[in-house]
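This report concerns only the one structure given below.
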Amino acid sequence: MRCRALQPYLDAAARRGLLSVDTETTSLDEMQADLVGGSLCVEPGQACYIPLGHVTGIADDLLGEEKRAENQMPMEEALALLRPVLEDPAILKIGQNLKYDLKILARHGLHVAPIDDTMLLSYAQAAGLHAHGMDALADRHLGHQPIPIKTLIGSGKSAIGFHQVEIDKAAPYAAEDADVTLRLHRVLKPRLAPSRAATVYETLERPLIPVLARMEMHGIKGDRDRLSRLSNTFSQKMAGLEAECHDLAGQSFNLGSPKQLGEILFDKMQLPGGSKTKTGAWATGADVLETLAAEHGSDLAARLLDWRQVSKLKSTYTDALQTHIHPETGRVHTSFSLAATSTGRLASTDPNLQNIPVRTEAGREIREAFIAEPGNLILSLDYSQIELRILAHIADIEALKQAFREGQDIHALTASEIFGVPVEGMDPMIRRQAKAINFGVIYGISAFGLSNNLRIPRDEAKAFIDAYFAKFPGIRTYMDDTVAAAKAQGFVETLFGRRIHTPDITQKGPRQGFQQRAAINAPIQGSAADVIRRAMIRIPPALERARLSGKMLLQVHDELLFEVPEAEADKTIEVVREVMESADAPACKLATPLVVDAGRGESWAAAH
DNA sequence: CATCTCACG
DNA sequence: ACGTACGTGAGATGC
């Protein structure tokens with residue numbers, strides 16, 4: 001398994017035109033990880049491991065000394081040998097979650113192409129059906145259970161780094177990963193065949209890997225002092241609110257414990273409206289506390305809500321984000337998962353930069369800590385109402401399509417249609433209700449959900465929905481057809497052919513409604529996800545053609561963030577907007593125009 | 001490690 | 001009669 005002579009493997013890869021690759025490192029964080037070794041596989045059962053950064057010695061003993069393990073090729077020598085193969089346009093490099101390895105190797109100056117990714121081959125064919133991690137795929141497609149990493153590095157606090165694993169133990173593990181990856185490719189690639197799934201993989205999945213890798217490595221500048229000052233402000237607010245809450249409760253308790261809070265509100269204070277969660281605990285969610293504050297004048301509930309908001313902002317954002325500012329780059333490097341959602345959306349982790357606060361003033365201040373370098377600007381470009389536009393297209397609703405063509409206020413138009421009031425001088429509350437209905441439609445509307453959201457009686461919500469369907473009967477047809485297709489085929493599709501499987505929709509039981517609403521939502525949410533993926537793939541070459549140096553930094557589902565030199569801001573907005581607004585064509589030209597709003601500023605807050 | 005809660009689109 | 005708005009990730013609590 002261990003690689004004594006690398007060149008014969010590389011020659012075999014060149015002859016064959018493909019090989020699988022896997023890197024071993026000291027961390028799951030690609031921006032912090034050190035390369036420890038690499039494995040290659042050209043023929044099943046013949047994988048090899050190249051140890052590069054293993055050490056010997058006792059790490060947990062201050063007196064112990066770490067020494068470089070013997071019989072390892074110098075890093076530079078290995079990279080020089082690998083470069084002609086990993087960068088050869090005629091040799092396909094196969095990996096499992098290859099974005100990870102691409103980033104590690106890019107930090108060593110290696111730019112790997114062309115590529116195939118077994119995780120994404122699986123995702124393009126089986127989203128919604130099963131997991132796409134290597135262990136799951138190996139078990140499912142090869143009936144094989146790979147060596148668990150735990151057996152090498154341990155787990156929890158006592159876990160060691162991969163560089164501390166003995167080479168003789170590391171080699172079989174690492175080589176197996178490359179071997180399994182190659183064998184998975186042999187199963188999954190042919191299965192793709194000529195199909196819409198193949199087009200999805202080739203046009204929406206694979207090309208996004210290097211785009212995301214570059215975005216993640218670039219990161220976004222974080223203002224540590226600003227976050228730190230906000231943390232201090234939040235601490236003081238929390239202390240004041242905590243004292244008030246203890247006073248109002250007549251006792252000291254942990255404000256962060258829903259259990260203790262529920263007991264105080266409903267057992268001790270005997271407030272009405274208590275309900276239990278499915279595990280029998282008192283429910284103390286924001287909706288419950290808001291009702292207690294509004295309808296029963298509970299100051300404790302009101303103050304608790306304030307405390308929760310500040311506590312959330314501090315722990316999840318101002319405290320945690322500081323730890324995610326890279327010590328060398330001064331930037332926050334998130335990781336985008338390509339295969340985490342059933343619908344085709346990306347997911348952001350470590351940290352999640354797709355849920356940075358925006359809806360409250362205190363929250364917005366956190367966005368002021370995401371800034372541009374001096375002389376640069378943050379640009380934000382976001383699709384306006386993309387999901388409703390896609391719904392209008394898919395369900396073919398002439399009135400909605402026309403409204404979007406004419407640039408009308410879609411929520412006001414909906415209100416006008418279903419409540420029979422003129423758009424001019426409309427009561428904002430009426431528009432707000434129509435907006436909730438429009439969102440509800442995207443989510444697979446129910447009287448229960450709408451009544452909850454608008455805090456109106458269930459029968460009133462039902463009347464709204466009935467009025468909506470009377471005006472837009474095509475929406476109900478779309479919903480019925482979509483559920484029927486999901487039941488008949490076991491999947492639904494986006495406009496671009498992405499399949500979202502719905503294996504549980506035919507099962508009877510309490511979760512049926514849930515499955516049906518998910519099936520209704522998936523083509524809408526998924527098509528929007530496809531559109532922005534297409535834009536993201538086209539933007540880097542479009543910027544290059546226009547000789548623009550700006551960098552794409554983040555994607556937040558319908559929004560893209562850039563950092564650009566001030567002098568290039570206008571032109572960059574022009575170029576990016578054109579790409580985004582035409583990202584549906586030519587594969588699937590929407591009957592509604594795509595509209596992109598743009599903003600700029602020295603921070604994310606200012607650009608929004 | 002499950003549960004609850006809450007941040008986003 | 002049931003039990004729900006769709007899709008996520010993360011932090012704190014408490015078993």
Neighbourhood charge, 10 Å Cβ-Cβ cut-off, centred on residue A:214 and excluding it, Lys, Arg +1 and Asp, Glu -1: +1
Given charges at beta-carbon only (K, R positive; D, E negative), |dipole| of the stretch A:60-149 in Debye: 400 debye
What is the P(r) of the stretch A:486-558, as percent of Cα-Cα pairs per 5 Å bin from 0? 3, 15, 19, 15, 12, 10, 9, 6, 5, 4, 1, 0
Ignoring solvent entirely, what values of log10 I(q)/I(0) come out of the Debye formula for the stretch A:417-501 at 0.17, 0.20, 0.25 Å⁻¹ when each Cα is a single scatterer? -0.78, -0.95, -1.21
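Can you give the net charge of the other residues whose Cβ lies under 15 Å from the Cβ of residue A:334, counting K and R as +1 and D and E as -1? Walk me through the numbers on the way to the answer.
Numbers: positive: A:99, A:103, A:214, A:221, A:331, A:345, A:367, A:551; negative: A:29, A:30, A:216, A:350, A:559, A:563.
Residues near residue A:334 contribute +2 overall.
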Neighbour counts of other C-beta atoms within 10 Å: give me A:588, A:48, A:41 arranged from fewest to most. A:588, A:48, A:41
Can you give me the C-alpha center-to-center distance between the stretch A:281-343 and the stretch A:219-272, rounded to a whole angstrom? 12 Å
Where the only charges are on Cβ atoms (+1 Lys, Arg; -1 Asp, Glu), what is the dipole of the stretch A:423-487 about its Cα centre, to the nearest 20 debye? 160 debye
Which length gain, in nm to one decimal place, applies between residue A:424 and residue A:77 when the Cα-Cα distance is subtracted from 0.36 nm times their residue separation? 117.6 nm
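Based on the Kirkwood radius over alpha-carbon pairs, what is the Stokes-Einstein translational diffusion coefficient of the stretch A:117-226 at 20 °C with 1.002 mPa s viscosity, in µm²/s?
The diffusion coefficient I find is 129 µm²/s.
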Computed over all unlike Cα pairs, the Kirkwood hydrodynamic radius of the stretch A:462-608 in Å stands at 17.9 Å
Of A:483, A:209, A:360, which is farthest towards the positive pole of chain A's charge dipole, taken about the Cα centre with +1 and -1 on the beta-carbons of Lys, Arg and Asp, Glu respectively? A:483
Would you please give the FRET efficiency between residue A:281 and residue A:217, computed as 1/(1 + (r/R0)^6) with r the Cβ-Cβ distance and R0 = 45 Å, to the nearest 0.05? 0.55
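Show me the ranking of peptides A:231-242, A:386-397 by mean Cβ neighbours inside 10 Å, starting with the highest.
Numbers: A:231-242: 16.2, A:386-397: 22.9.
Descending packing order for the listed peptides: A:386-397, A:231-242.
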D_trans [Stokes-Einstein, Kirkwood Rh over alpha-carbon pairs] for the stretch A:391-439, 25 °C, 0.890 mPa s, µm² s⁻¹: 224 µm²/s
How much length is gained if the chain between residue A:329 and residue A:259 is pulled fully straight, taking 0.36 nm per residue apart and subtracting their Cα-Cα distance, in nm to one decimal? 21.0 nm
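For the stretch A:336-393, would you read off the P(r) tail past 16 Å as a percentage of all alpha carbon pairs? Write down the numbers at each step before the final one.
Details: 1108 of 1653 pairs.
Cα-Cα pairs in the stretch A:336-393 separated by more than 16 Å: 67 percent.
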Order of A:421-433, A:400-412 by packing, highest average Cβ count within 10 Å first? A:400-412, A:421-433
Of all DSSP beta bridges in chain A, antiparallel share, percent nearest 5: 85 percent
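Pulled fully out, how much extra length does the chain show between residue A:149 and residue A:463, if you take 0.36 nm times their separation in residues and subtract their Cα-Cα distance?
Details: separation 314, 0.36 × 314 = 113.04 nm, distance 5.64 nm.
Separation in residues times 0.36 nm, less the Cα-Cα distance, equals 107.4 nm.
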Along the three principal axes, how long is the stretch A:5-102 when you take its alpha carbons, biggest first, rounded to the nearest angstrom? 50, 28, 25
Determine the shape class of the stretch A:213-349: with a ≥ b ≥ c the square roots of the Cα gyration tensor eigenvalues, call it rounded for a/c under 1.5, and otherwise prolate if a/b is greater than b/c, oblate otherwise. oblate
In debye to the nearest 20, how big a dipole does the stretch A:265-350 give about its Cα centre with +1 on each Lys and Arg Cβ and -1 on each Asp and Glu Cβ? 180 debye
Please compute P(r) over all alpha-carbon pairs of the stretch A:150-284, binned at 10 Å starting from zero, and give each bin as a whole-number percent. 9, 15, 15, 19, 22, 16, 4
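Helix-only mean residue ellipticity at 222 nm, chain A, DSSP H runs n ≥ 4 weighted -39,500 (n - 2.57), per residue, nearest 500. What is it? Working shown, then result.
On the way: 25 runs with 289 residues, N = 608.
Only helices count here, giving -14500 deg cm²/dmol.
With N set to the residue count of chain A, report its C-alpha Rg divided by 2.2 N^0.38 Å to two decimal places. Please list the in-between numbers first.
Values: Rg = 27.2 Å, N = 608, 2.2 N^0.38 = 25.1 Å.
Its radius of gyration relative to the 2.2 N^0.38 Å reference: 1.08.
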Around residue A:549: net Lys/Arg minus Asp/Glu count, Cβ-Cβ under 11 Å: 0
Assuming R0 = 51 Å, can you tell me the calculated FRET efficiency for the pair residue A:361 and residue A:480, based on Cβ-Cβ distance, to the nearest 0.05? 0.75
Pick out, from A:604, A:546, A:246, the residue whose Cα sits farthest towards the positive end of the charge dipole of chain A, with +1 on the Cβ of Lys and Arg and -1 on the Cβ of Asp and Glu. A:546
From the backbone phi of the stretch A:436-445, what are the Karplus-calculated ³J(HN,Hα) couplings (6.51 cos²θ - 1.76 cosθ + 1.60, θ = phi - 60°) in whole Hz, Gly and Pro given as x? 4, 5, 4, 5, x, 4, 5, 8, x, 4
Rounded Å value of the spacing that divides the Cα centres of the stretch A:454-508 and the stretch A:383-413: 18 Å
Please give the peptides A:308-320, A:530-542, A:246-258 ranked by average Cβ packing (other Cβ atoms within 10 Å per residue), highest first, as a rough proxy for protection. A:530-542, A:308-320, A:246-258
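Once the Cα gyration tensor of the stretch A:385-542 is found, what semi-axes does its equivalent ellipsoid get, as square roots of 5 times the eigenvalues, in whole Å, sorted largest first?
Values: eigenvalues 141, 104, 32 Å².
They are 27, 23, 13 Å, listed largest first.
None of the figures in this text is laboratory data; all of them are computed from the coordinates on show. Source: prediction; values computed, not measured. With ideal geometry, Cβ positions are generated from the backbone for all residues, glycine too; neighbour counts draw on all protein chains shown.
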